[in-house]
Amino acid sequence: MGNGQFKHYVFTLVKVDRGIWLYAVFLLSGAAALMYQLIWQRVLFAIYGIDIASVTVVVTAFMLGLGIGSLVGGTLSRVLPYAALPLFAFFEFGIGLFGFFSLEIFNWVGSFTMGIGHMATGLVTFLLVVFPTTMMGATLPLLADYATRRSGNVGRSVGSLYFVNTLGAAIGAFMAAGFLLSYLGLSTSVKAAALLNVGLGLAVVAFSRIEARMS
């Protein structure tokens with residue numbers, strides 16, 4: 001197969017399977033997000049202790065960051081309507097970069113904040129996870145805007161993306177709790193999630209470049 005034929009084959013594949021590429025990326029992104037959540041919760045609980053209050057604080061910090069990210073992603077999709085894929089790739093790179101060094105950051109902060117009260121723990125936990133969770137939360141509005149502009153169907157685009165992301169989250173939770181943490185440990189597992197994010201970012205960059213040549 002010549003170079004020209006190969007390029008034509010790739011362009012045709014991307015054009016036909018655009019939805020499949022999009023859903024596969026978001027499924028894996030959801031899997032990585034839940035891997036982080038399980039790993040980071042274990043680390044934060046080890047630092048600040050486990051009781052009803054600390055569990056509530058940590059989960060609330062995660063949810064708050066995701067909510068902020070959703071607002072950020074929605075705003076960016078309106079301000080930069082044709083930059084959804086580059087922004088998604090940028091956020092995947094950012095999540096991966098933070099994830100790769102996250103345990104070192106958590107342990108360093110924990111070394112001088114251990115034993116503080118619940119309110120202070122909530123603030124510290126939020127500050128630790130707000131950066132990556134904001135980027136995680138921004139991904140759905142960005143991809144939803146991208147998909148909607150191509151399908152013209154808001155309900156179907158958002159519903160499908162939310163479904164595959166939730167499915168990916170379930171798969172990530174199952175893999176992390178059932179296999180990765182048991183066989184790889186916290187450090188290797190979180191680095192595997194980080195590499196997954198970086199790989200997704202690279203895949204989206206390549207996809208967006210191919211799509212730009214097709215347009």
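Throughout, read-outs are computed from the coordinates displayed, never taken from laboratory work. Just so it is clear, the structure is predicted and the values come from calculations on it, not from any experiment. Because the Cβ atoms are built from the backbone with ideal geometry, glycine has one as well, and the counts that use them run over all protein chains shown.
Computed over the alpha carbons of the chain, Rg followed by Dmax gives 18.6, 66 Å. Label positions at Thr166 and Thr188, each projected 7 Å from the Cα along the C-beta direction, are separated by 3.4 nm. For the chain, the longest principal axis of the Cα atoms and the long axis of helix 3-16 meet at an angle of about 70 degrees. Relative to the longest principal axis of the chain, what angle (0 to 90°, nearest 10) does the C-alpha long axis of helix 18-48 take? The answer is roughly 10 degrees. Computed extension gain for Thr113 through Ala206, at 0.36 nm per residue and net of the alpha carbon distance, reaches 29.3 nm. Compute the helix-to-body angle for 154-175: its Cα long axis versus the longest principal axis of the chain, expressed 0 to 90° and rounded to tens. The answer is roughly 50 degrees. Ranked by the mean number of other Cβ atoms within 10 Å of their residues, highest first, the peptides 194-207, 169-182 come out as 194-207, 169-182. Think of it as helices only: each DSSP H run of n ≥ 4 in the chain is worth -39500 (n - 2.57), and spread over all residues that comes to -31500 deg cm²/dmol at 222 nm. For the pair the range 129-181 and the range 31-47, the centres of their Cα atoms are 18 angstrom apart.
Summary of packing: across the peptides 74-87, 121-134, 104-117, the per-residue average of other C-beta atoms within 10 Å ranks them, highest first, as 121-134, 74-87, 104-117.
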